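Notes for the one structure printed next.
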There are 2 protein chains.
Amino acid sequence: MKLATYKDGSRDGQLVVVSRDLATAHYATGIADRLQQVLDDWGFLSPQLQDLYEALNGGKARHAFPFDPASCMAPLPRAYQWADGSAYLNHVELVRAARNSQAPNNFYTDPLMYQGGSDDFLGPCDDVIVPSEAFGIDFEAEIAVITGDVPMASSPEQALEGIRLVMIANDVSLRNLIPDELAKGFGFFQSKPATAFSPVAVTADELGPAWRGGRLHLTLQSAWNGRKVGMCDAGPDMTFHFGQLIAHICKTRNVRAGSIVGSGTVSNKGVEGEGGKMTWPRGYSCIAEKRAIETILDGKPSTEFMKFGDTIRIEMKGPEGQSIFGAIDQKIAPLAKKPR
Amino acid sequence: MKLATYKDGSRDGQLVVVSRDLATAHYATGIADRLQQVLDDWGFLSPQLQDLYEALNGGKARHAFPFDPASCMAPLPRAYQWADGSAYLNHVELVRAARNSQAPNNFYTDPLMYQGGSDDFLGPCDDVIVPSEAFGIDFEAEIAVITGDVPMASSPEQALEGIRLVMIANDVSLRNLIPDELAKGFGFFQSKPATAFSPVAVTADELGPAWRGGRLHLTLQSAWNGRKVGMCDAGPDMTFHFGQLIAHICKTRNVRAGSIVGSGTVSNKGVEGEGGKMTWPRGYSCIAEKRAIETILDGKPSTEFMKFGDTIRIEMKGPEGQSIFGAIDQKIAPLAKKPR
């Protein structure tokens, strides 16, 4: 089934069930008001939502209305955990190659992961508000999952069973703040502002055979200012699958219902073109990667980061061209004024 | 006023108001069930809780019962944010001096902060479950605040106004996992398991003149296996006050109601004793600091990290010796068995 959260002026919004084709929606009132409530009591509430979903798809839901992605908050507007991996090692390799360094060997056995802020997510069509263009504004197109409870010391296989919903994400990054921040040794903080999520979150059964081995084998499209810049296959080059990422968190703690776990920037390996020259025909899911490729090829980056007014659209389509999660479609905007 | 959350088998527990002397409590039923609810609507709900608090202190609350810290979850059993600073630079200086390095200059102007997991906090008397003693189990006695909404780009002074409640915390650390984790460059993750908080969270007015300049000028006591090892003054050596820590988060994002912000390990500067030898008469708020001091004095650490069965008690008392937050009182315990 497909679930979304409609804006209603409250902090957690209103849970809606959305039809498979994203054409219609129906309030989940009477079953649950908020998505976190469903995650807290999945076994009891999700079958009721599934019934409503089937009625909606069959055109038999009584109070269906046209679905509007612009009315959506993030499926979970705030969450108790947002842990983002960097599971596509190709991305790490490119960024490192651009500065003549190699990924250490343990990067291939031990996932990279950072803890993100989860108190204030953005809806799929909300502006990305940044105080300054000088921060180096970048998008990052990712896959993310929402979990149920996964106990401490669970195996990757056990962790996979804990996945409840799948989404796509724009993990906005402020690239020019990263070097100083990482140099301090405590990881990302100010360089990772609010993350945006797709209009709907979907159960894995909606993805059919494209969801296998803890990976989503479909193409993640990114269009920057209307120009398609990324058509990256999220499946084959994901070094660590979602079960491995969740098990990484579980090594020393319990993962509780409503935790969101991200894949990191989706990235595909380059291919050797004519004369041995490398090309990256699938494009890029973040500008930092494009700049790394430019540095490798030309000695320096030529693509600049995003400016105020720029737009970014991220979407994933199924084998028949249907949008699965709806599109993240955002504009970069300045902070209106100092508060108070 | 003083607020706590009683265990009732649910994920968020039941909100109770606790008397100033921590002797009695009263369910907040009829006003609010959960603390997050109060933080989401502070202006409307907190005066009603304050009225109940005054009735309770005056012995006039109808259904008061004896307050039992062991029945408490963390005041916020799960939160949308847990951002922990390292605001006592003396702690950083000691740890660095032990490995012959100095804190970089920008550490004195730009707070160190990491994002912690917030989906599964421990109650004040809950066991600290760790899969292996070999992880290097350490306590960290800290001060923490819970905020209301603080908008992006707020100043430290504006951020101070956003503080709703104050607590103490045990930010458990797994020291032997830290070096490898920090070497990867993304900061702490597995080395920071679930954090525990004091039985009650209190409003700043309860702290009187001890709460000034965004700092809490009282002594944080730590007793390890019943032996007092720390009597650290949380006020004077806090390099960055809580307003500065919150403003650090706000630089690139909004901080939303129910965010918890920590001070990092409370630490006091050493004093020069006879013959110019340094001493640290106030002891320590984490074992890593004791080991750093031993390394500085003797060339190597002699105090080992915690073992299964060890206990840690953290408490803060007011000028008249009264416990303000109740005590964190935990035992270190192994993971019972592999899940499932």
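Read the figures in this text as sums done on the coordinates, not as results from a lab. Since the model is a prediction, treat every value here as computed from it, not as a measurement. Cβ coordinates were reconstructed from backbone atoms using ideal geometry, including for glycine residues, and neighbour counts include every protein chain displayed.
Some notes on this structure:
- Chain B residue nearest the rotation axis toward A, with distance: B:Gly187, 1 (Cβ to axis, whole Å).
- Backbone geometry of region A:102-117 corresponds, through the Karplus equation with coefficients 6.51, -1.76 and 1.60 at θ = phi - 60°, to 3J(HN,Hα) couplings of 10, 5, x, 4, 5, 5, 8, 10, 10, x, 7, 7, 10, 8, x, x Hz, x marking Gly and Pro.
- If you take all other residues with their beta carbon under 12 Å from the beta carbon of B:Ala223, and give Lys and Arg +1 and Asp and Glu -1, the sum is 0.
- Coupling constants for region A:246-260 follow from the phi torsions by the Karplus curve (6.51 cos²θ - 1.76 cosθ + 1.60, θ = phi - 60°), and in residue order they are 5, 4, 4, 5, 6, 4, 10, 7, 7, 9, 9, 3, x, 6, 10 Hz; glycine and proline get x.
- Between 0 and 90°, nearest 10: helix B:287-298 axis offset from chain B longest Cα axis: 20 degrees
- Packing rank of B:34-45, B:161-172, A:298-309, where each peptide gets the mean count of other beta carbons within 10 Å, highest leading: B:161-172, B:34-45, A:298-309
- Mean ellipticity per residue at 222 nm, deg cm²/dmol - from DSSP H runs of n ≥ 4 across the protein assembly as shown, formula -39500 (n - 2.57): -5500 deg cm²/dmol
- A Cβ-based charge dipole, computed about the Cα centre of region A:18-177 with Lys and Arg at +1 and Asp and Glu at -1, lands at about 180 debye.
- Long-range amide H partners of A:Ala61 with built H, under 5 Å: A:Leu56
- Neighbouring Cβ atoms from other chains, within 10 Å of the Cβ of residues in A:76-83, number 6 on average.
- Dipole of chain B, positive direction: furthest Cα of B:Asn170, B:Cys232, B:Ala28, with charges on the beta-carbon: B:Asn170
- Placing unit charges on the Cβ atoms of the charged side chains and taking the dipole of the protein assembly as shown about its Cα centre, the candidate lying farthest along the positive direction among A:Ile146, B:Pro334, A:Ala327 is B:Pro334.
- Comment: the Cα-to-Cβ extended label point of A:Gly321, at 7 Å, lies 8.2 nm from its counterparts in the other copies, nearest first.
- Cα-based convex hull, region A:224-334, per residue volume (Å³, whole number): 185 Å³
- Chain B: most fluctuating residue of B:Ser285, B:Ser222, B:Ser101 per GNM, C-alpha cutoff 10 Å: B:Ser101
- Remark on B:Leu122: its backbone amide H falls under 5 Å from those of B:Thr195, B:Ala196, B:Phe197, a criterion applied only to residues 5 or more positions apart or on other chains, H modelled at 1.01 Å from N.
- Taking one quarter of the surface of the convex hull spanned by the alpha-carbon atoms of region B:32-161 gives a direction-averaged projected area of 12.0 nm².
- For the pair region A:106-155 / region B:1-16, the C-alpha centres are spaced 30 Å from each other.
- With its label point defined 7 Å out from Cα along the Cα-to-Cβ axis, B:Leu335 lies at 4.1 nm from the matching points of the other copies, in increasing order.
- In the protein assembly as shown the Cα-Cα distances spread across 20 Å bins starting at 0 as 18, 52, 27, 3, 0 percent of all pairs.
- By average C-beta atoms within 10 angstrom, highest first, the peptides B:9-16, A:202-209: B:9-16, A:202-209
- Counts of other chain beta carbons within 10 angstrom of each beta carbon in peptide A:149-155 average 4.
- When region B:96-168 is described by a simple charge dipole with +1 on each Lys and Arg Cβ and -1 on each Asp and Glu Cβ, the residue from B:Gly117, B:Ala159, B:Ile129 located farthest towards its positive end is B:Ala159.
- If only the Cβ of Lys and Arg carry +1 and only the Cβ of Asp and Glu carry -1, the dipole of chain B around its Cα centre is close to 520 debye.
- The mean number of Cβ atoms from other chains found within 10 Å of a Cβ in peptide A:189-195 is 5, as a whole number.
- Alpha-carbon geometry of chain B: the Rg and the Dmax are 19.6, 64 Å, given in that order.
- Net dipole in debye of region A:93-226 [+1 Lys, Arg Cβ; -1 Asp, Glu Cβ; about Cα centre; nearest 20]: 420 debye
- Centre separation in Å (Cα based) which lies between region A:159-190 and region A:290-340: 16 Å
- C-alpha long axis of helix A:89-98 to longest principal axis of chain A, angle in °: 30 degrees
- Based on C-alpha pairs under 8 angstrom that are at least 6 apart in sequence, chain A has a relative contact order of 22 percent.
- Cβ-vector label at 7 Å, A:Gln50, separations to other copies in nm: 5.0
- Choice from A:Ile178, A:Ile146, A:Ile246 showing the highest fluctuation, given a GNM over chain A with Cα pairs closer than 10 Å: A:Ile178
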